[in-house]
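**Student:** The structure under discussion is supplied below as structure tokens; questions concerning it will follow.
The values are calculated or read from the model by the stated rules, or taken from the named source; none is laboratory data. Computed from a predicted model, the values in this text were never measured in an experiment. Positions of Cβ are backbone-derived with ideal geometry, glycine not excepted, and every protein chain shown enters the neighbour counts. We work out accessible area using only protein heavy atoms, side chains counted, and drop any ligands, DNA or RNA first. Shrake-Rupley method; radii C 1.70, N 1.55, O 1.52, S 1.80 Å.
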Amino acid sequence: RHYSVAACGHSSQTGFRLSTASAPVLRGLRVISHAPPADWVAAHRSVWARKASLRKVYTYWFGVLRDACVQNAPIVELGCGPGFFKEMYPEVVATDVAPSPYADRVVDAAALPFGDGEVGTIVFVDVFHHLPRPQQFLREAARTLRPGGRLVMLEPWMGLAGRLLFRYVHHEDCD
């Protein structure tokens, strides 16, 4: 398991608020896992199946992301979660921090298992803000991307509307 360690109630690096009631303890420090539980993936797949409007919105954005990828070069999806991007684009190498039926490989974003210049594009949706060591990931992306390679992402907007959505509707804490 991959953990972000924080000694207080909030990690400024990840933006997650730690719950003292549910967080495991490691040498007296509270930690959180960045791997979603299996029921999270099942819940997202269930919502996806029920909501045509959600599928329509993400289908549009997945197309925008795919169009931004380097053509005729390997595409790696970081944080595939429920696997929707790969379902649309089966040529993508889907990765996640935890094993799942939707991940081709289990990877740590701070130590990517790809060779220097092996990847054309690293693509991800709603993942960057979860990375416990974003600077190390960016170094790894620079190492593994070929010259002219791309890092293509879609991240939540945290203006007023985004803050309200994430605070009162979304399953993750938001400050």
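**Student:** For Lys51, all conditions in the list (1) open to solvent by less than 50 Å² (accessible area, probe 1.4 Å); (2) without any contact (Cβ under 8 Å) to a residue 12 or more places away in the chain hold save one; what is the number of the exception?
**Tutor:** Among (1) open to solvent by less than 50 Å² (accessible area, probe 1.4 Å); (2) without any contact (Cβ under 8 Å) to a residue 12 or more places away in the chain, the lone unmet condition for Lys51 is (1).
**Student:** Another question about this same structure. Got a sec? Which of Val76, Val119, Val123 is touching a residue at least 12 places away in the same chain (Cβ under 8 Å) and touching an Asp or Glu at 6+ places or on another chain (Cβ under 7 Å)?
**Tutor:** The conditions single out Val123.
**Student:** Could you tell me whether any residue of the range 32-45 is closer than 22 Å to Gln136 by Cα, at pLDDT below 95 and assigned to a strand (DSSP E or B)?
**Tutor:** yes
**Student:** What's the number of the only condition in (1) modelled with pLDDT under 95; (2) β-branched (Val, Ile, Thr); (3) surrounded by 14 or more Cβ atoms within 10 Å (Cβ to Cβ) that Val76 fails to meet?
**Tutor:** (1)
**Student:** Within the range 131-175, which residues are under 15 Å from the mean Cα position of the chain (by Cα), at pLDDT 90 or above and charged (D, E, K, R)?
**Tutor:** Arg133
**Student:** Something else now. Counting just the residues of the range 79-88 that are closer than 12 Å to Val123 by Cα and assigned to a loop (DSSP other than H, G, I, E, B), which one comes out most open to solvent (accessible area, probe 1.4 Å)?
**Tutor:** Applying the first criterion (closer than 12 Å to Val123 by Cα) to the range 79-88 yields 79-80, 85-86.
From the residues that got through so far, the ones that are assigned to a loop (DSSP other than H, G, I, E, B) too are 79-80.
On the way: Gly79: 24, Cys80: 7 Å².
Restricting to residues being closer than 12 Å to Val123 by Cα and assigned to a loop (DSSP other than H, G, I, E, B), the top hit is Gly79.
**Student:** Residues to consider are Arg139, Arg146; find the one that is in a strand (DSSP E or B) and open to solvent by 20 Å² or more (accessible area, probe 1.4 Å). Can you show your working first?
**Tutor:** Numbers: Arg139 fails: in a strand (DSSP E or B).
Testing whether each residue is in a strand (DSSP E or B) and open to solvent by 20 Å² or more (accessible area, probe 1.4 Å) leaves just Arg146.
**Student:** Any idea which of Val106, Val93, Val70 is under 12 Å from Phe124 (Cα atoms) and surrounded by fewer than 19 Cβ atoms within 10 Å (Cβ to Cβ)?
**Tutor:** That would be Val93, the only listed residue that is under 12 Å from Phe124 (Cα atoms) and surrounded by fewer than 19 Cβ atoms within 10 Å (Cβ to Cβ).
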